[in-house]
Structures are given as C-alpha cells and as structure tokens.
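The values are calculated or read from the model by the stated rules, or taken from the named source; none is laboratory data. Everything numeric here is computed off the predicted structure, so don't read it as measured data. Please note: Cβ atoms are built from the backbone with ideal geometry, for glycine as well, and neighbour counts cover all protein chains shown. SASA here: full protein model, heavy atoms, side chains in, ligands and nucleic acids out. Shrake-Rupley method; radii C 1.70, N 1.55, O 1.52, S 1.80 Å.
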Amino acid sequence: RWALGITFIIVGLIEKIGFGDPIGRLITPIYHQALAGPVMDGSAWLALGFGFQIFFDFAGYSDMAIGIAMLFGVRLPENFNAPFRATSVLVFWQRWHITLSTWLRDYLYVPLGGSRGSQLFTYRNVMITMLLGGLWHGASWNFVIWGGLHGLALAATRIWQRARPPSEKSGATAGSVVAVFLTFHYVCFAWIFFRAPTFEHASLMLGRIARLSFSVDNVS
C-alpha cells in the first residue's frame, strides 16, 4: 500500500511539474497577448494546448491526492481514465473528472428526471445539468457557454446514437480514430471559453484561430 501510494505521488508530481507547468508557461502568454498586444511570436492554435495543461495539472493533483490517501489507508476513487481517447463527448465525461461527472449525474441529472420521459425532456435535463455544471466552476458567462457547448454536444451524441443503423454501432477502427480526433478538438475549442477571462477575450482567441493566425500582433 505504501509503495503504491508513493508511486501515485511521484507520478502526480511528474504530471504537474514535468508537463502541466511547462505547458502552462507556453499557453498563458498566448492568452494574455490576445488583449495586450504583441509581445512575442507564436501560434494562436497553441491555445488549444490548454487541454493538455489542465489535464496534467488536474490529473497530477488527483494522483497525488490518491497516493497521499493511500498512505493513511484511505482509497479515493479514480478521477481520470484516458479522457483524450474518448470517441464522443458522452464518453469524454465518463472518463474526465469522474467524481464531478458522477455527482452531476446523481444529484442533478437523475433528480431532474434523467432519461425518463420523452427525448426532448431528456435533452432538456442534459442542458440544465451542464449549464449548472458550468456555473459550478464560476459565476461567469464564459462558464455558462462552456457548459452549454458540452450540453449541446451530449444531446447531439444521443441523437446521433439513436439515428445510427444497428449495423454501424459496432464502429470501425478508422471511424473510431476520426471520432477521437473530432471529440478532442471540440473539447479543446470549448475550453477556450473556460480559460479566457471574458467573452471578448475568448472571441479574440477564436478569431485568431479561425484566421489561421501564426502571430500575436495586429489584434483589433
């Protein structure tokens, strides 16, 4: 138990200090420069790397907490399970911040009615749950938008799964690779609203990415 706990702590430290912090030092100036003007050359597309920063930060803290708890004989639940391998936003939330997604499911989605009732009723419950999940992170319209984007993606995933022919639901390898690629980029784009301090800031970042900008100057 002690050996496993110490291993979790070491792995968590590597994730946080070896990956999360360096990525953060790369990403933070890009977000700052979206409003502050030119400071250094860089690619706006690197802003999507915030997904890796928050993963290594959060997974590192979680693994350290699990390891420390083990030293005291307490077993904490797993909080991340390869979320960037998710083939849909639905699967992503089954793998990302599992303790929060489980709480949202058990104490918001299910009490609202869950999937009992009509499909529109289910989609409404999904949207309410994710909008409140966004507000849980902070009282900001950016968090509301972030939660709304995930709610829309979850509803769209359910619609897509219901519409697919049974023969296609097994999924080919090539299709799974495409699904992972699209899910990862959708999640990273949504995180721009999570990371940016204001809607204006997020809009500027998205504008730079849309223009395939590879510099941080000429911000209007």
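For residue 137 and residue 4, compute 0.36 nm times the residue count separating them, minus their Cα-Cα distance, and round to one decimal in nm.
Details: separation 133, 0.36 × 133 = 47.88 nm, distance 3.14 nm.
Full-extension gain reported as 44.7 nm.
Across bins of 5 angstrom width beginning at 0, how are the C-alpha pair distances of the range 93-137 distributed, in whole percent?
Result returned by the calculation: 5, 25, 30, 25, 12, 3.
Taking square-rooted eigenvalues a ≥ b ≥ c of the alpha carbon gyration tensor, is the range 65-153 rounded, prolate or oblate, where a/c under 1.5 means rounded and, failing that, a/b exceeding b/c means prolate?
prolate
For the chain, return all DSSP H helices satisfying: extent of Cα atoms along own axis at least 27 Å; mean Kyte-Doolittle hydropathy at least 0.5.
Going by DSSP H runs, the hits are 50-71, 119-137, 173-195.
Simple spin-label model, 7 Å along Cα-to-Cβ: residue 46 to residue 152 in nm?
Here the modelled spin labels are 2.9 nm apart.
Taking a ≥ b ≥ c as the square roots of the Cα gyration tensor eigenvalues, with a/c under 1.5 meaning rounded and otherwise prolate when a/b beats b/c, else oblate, which class fits the range 1-103?
oblate
Can you work out the base-10 log of I(q)/I(0) for the chain at q = 0.08, 0.13, 0.15, 0.18 1/Å, using the Debye formula on its C-alpha atoms alone?
Per q value, in the given order, log10 I(q)/I(0) is -0.35, -0.89, -1.11, -1.34.
What does the net charge come to around residue 101 if you take all other residues with beta carbon closer than 13 Å to its beta carbon, with K and R at +1 and D and E at -1?
Result for the local shell: 0.
Taking only Cα atoms of the range 169-209, what ratio of Rg to Rh do you get with Rh as the Kirkwood inverse-distance radius?
1.22
Ignoring ligands, DNA and RNA, please state the percent of accessible area on the range 16-139 from carbon and sulfur, probe 1.4 Å. Spell out each step's value before the answer.
Numbers: 4260 of 6360 Å².
Here it works out to 67 percent.
Please give me the summed charge of the neighbours of residue 53: other residues whose Cβ is under 13 Å from its Cβ, Lys and Arg +1, Asp and Glu -1.
Cβ neighbours under 13 Å give a net charge of 0.
Quick one: accessible area per residue over the chain, 1.4 Å probe, rounded to a whole number of Å²?
55
Run the helix sum for the chain: -39,500 (n - 2.57) per DSSP H stretch of 4+ residues, divided by residue count, reported at 222 nm to the nearest 500 deg cm²/dmol.
After summing the helix terms and dividing by the residues of the chain, the value is -21000 deg cm²/dmol.
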